[in-house]
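The values are calculated or read from the model by the stated rules, or taken from the named source; none is laboratory data. Since the structure is predicted, the reported quantities are computational estimates derived from the model, not experimental observations. Glycine gets a Cβ as well: all are built from the backbone with ideal geometry, and neighbour counts include every protein chain shown.
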Amino acid sequence: MPRKFRTTLLTVTLAAGLAACGSVKDDSAPSSGAAGADASSAFPVTIKHKFGSTKIAEEPERIVVIGDGGTDDVDALYALGVTPIAVSKDAFAADGVHPWLKDRVDTKKTKLLNTMNGVDFEEVAALRPDLILATSDFTLEKNYKKLSAVAPTIGYETAWGKQTWQEHVRVVAKAVGRQDEAGKAIAETEDSIAEVKAKHPGLQGRTYSLSIGNTPAKIYTIASEDDFAAKLMSEVGLSLTPSVKNIKTVSGSPTGELSFEQLDKLDADLVVIAFTTPELKKAFESSALVKNMSAVEKDRYVVTDVATISQLRSPSVLGIPWALDNLEPGFAKLDE
């Protein structure tokens, strides 16, 4: 599986499976640590994760985010009002910034690191970080020891890809002394999901398929309700079309694989797909199986971009409203 697809689709490498990503409310007790004006009172703090326990002695001021595999840490920082000094760049965006963060990331204050082909540890050390957040880095198994030698480093809790976006926010909030603000950030995003559901009653009880075309004669699609995107779509009222639930999956992940002879299995009340090249889109749409889909005949076939599919499959606190907004034209079709 090419690394580009692994990074953008984000589920191919999930051999251990994904945890459920439902709407988890922030019902935890209020933190004793202050937020905003006096976050320093929240320290010292210790955070446990797969690679051990990381102690943060005082409020971090120079935070670096390492992670090809999701934007949870970056999103959480900005949602909590904290500006990192450096983050892994979006290798697929011309300016290196994830599209939903373009109004928040100031590259004069935050350096963009090219970590797609590996972490430059000397470059990270030269930034003199006092905290490294890497809960979304799928290469952390091999990188943690070197990163933690540079600065206190927070990894994923048990396995890459298993934490919900809400849990990511809470972990980051604890690490930066903003626990009292985590609930608000989570609630705002959950409210945006609820607003989509309320705005589009036609979504209730309807089916969908969500896919990506990145290689000739093959389509990758969500094949399990355990997928993060499936959990998110269920919150607005949609259910995964049954015809994809028994197809071949990739390395035990929730990602299904379809040949062009099986494209009719994608048919649903709403068919959403992204392509990495115009040629792949043309090849897909030229198939008679696609032309005969009820979704195509009823104008409920929606082509989106890879960034939207990627965000749905690895949802983050600031990216979710952006991705759902991108699907608005498709949602509206089901209200007709």
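Which of the numbered conditions does Ala187 fail, given that it passes all the others? Conditions: (1) at pLDDT 95 or above; (2) in contact with a strand residue (DSSP E or B) (Cβ under 6 Å, 6 or more places away or on another chain).
Single failed check for Ala187: (2).
Of all residues being at pLDDT 95 or above and among the small types (Gly, Ala, Ser) in the stretch 156-180, which is farthest from the chain's Cα centre (by Cα)? Just the residue, please.
Going through the qualifying residues, I end up with Gly177.
Scan the stretch 274-288 for residues that are assigned to a helix (DSSP H, G or I) and buried (at least 16 other Cβ atoms within 10 Å of the Cβ) and jot them down.
Leu280, Ala283, Phe284, listed by residue number.
Which count do you get for residues in the stretch 203-221 that are surrounded by fewer than 17 Cβ atoms within 10 Å (Cβ to Cβ) and not in a strand (DSSP E or B)?
4
Suppose we filter Val271, Val196 for residues that are in a helix (DSSP H, G or I) and either modelled with pLDDT under 95 or under 14 Å from Gly330 (Cβ atoms) (or both); which single one remains?
Working: Val271 fails: in a helix (DSSP H, G or I).
Every option except Val196 fails the conditions.
Out of (1) touching a strand residue (DSSP E or B) at 6+ places or on another chain (Cβ under 9 Å); (2) assigned to a helix (DSSP H, G or I), the odd one out for Ser224 is which?
(2)
Could you check Leu240 against (1) in contact with a Phe, Trp or Tyr (Cβ under 9 Å, 6 or more places away or on another chain); (2) touching a residue at least 40 places away in the same chain (Cβ under 8 Å); (3) under 18 Å from Ala295 (Cβ atoms) and say which number it fails?
Status for Leu240: all satisfied but (2).
Please name all residue pairs, on different chains or six or more residues apart, with Cβ atoms under 7 Å, provided the first residue is in the stretch 175-188 and is in contact (Cβ under 8 Å) with a residue 24 or more places away in the chain and under 18 Å from Thr83 (Cα atoms) and the second residue is small (Gly, Ala, Ser) and surrounded by 24 or more Cβ atoms within 10 Å (Cβ to Cβ).
Matching pairs, first to second residue: Gln179/Ala173; Glu181/Ala173; Ala182/Ala173.
When you go through (1) under 20 Å from the mean Cα position of the chain (by Cα); (2) in a helix (DSSP H, G or I); (3) within 12 Å of Ser211 (Cα to Cα); (4) among the hydrophobic types (A, V, I, L, M, F, W, C) one by one for Ala323, which number turns out not to apply?
Condition not satisfied by Ala323: (3).
Could you tell me whether the stretch 103-120 includes any residue that is under 29 Å from Gly213 (Cα atoms), among the small types (Gly, Ala, Ser), in a loop (DSSP other than H, G, I, E, B) and at pLDDT below 95?
So far as the stretch 103-120 goes, yes, one or more of its residues are under 29 Å from Gly213 (Cα atoms), among the small types (Gly, Ala, Ser), in a loop (DSSP other than H, G, I, E, B) and at pLDDT below 95.
Here is a list of conditions, (1) buried (at least 16 other Cβ atoms within 10 Å of the Cβ); (2) closer than 25 Å to Ser192 by Cα, and Glu225 meets all of them except one; can you say which number that is?
If we test Glu225 against (1) buried (at least 16 other Cβ atoms within 10 Å of the Cβ); (2) closer than 25 Å to Ser192 by Cα, just (1) comes out false.
Between a first residue in the stretch 37-54 that is at pLDDT below 90 and a second residue that is surrounded by fewer than 18 Cβ atoms within 10 Å (Cβ to Cβ), which pairs have beta carbons less than 6 Å apart while being 6 or more apart in sequence or on different chains?
These pairs meet every condition: Ser41/Ala34.
Looking at (1) within 21 Å of Gln311 (Cβ to Cβ); (2) of a type in the set (A, V, I, L, M, F, W, C); (3) crowded, with 16+ Cβ neighbours inside 10 Å, which one does Ile56 not meet, given that it meets all the others?
Every listed condition holds for Ile56 apart from (1).
Pick out the one residue from Asp137, Asp90 that is within 21 Å of the chain's Cα centre (by Cα), within 22 Å of Leu324 (Cα to Cα), crowded, with 21+ Cβ neighbours inside 10 Å and at pLDDT below 95. Please lay out each step first, then the result.
Values: Asp137 fails: within 22 Å of Leu324 (Cα to Cα).
Answer to the check: Asp90.
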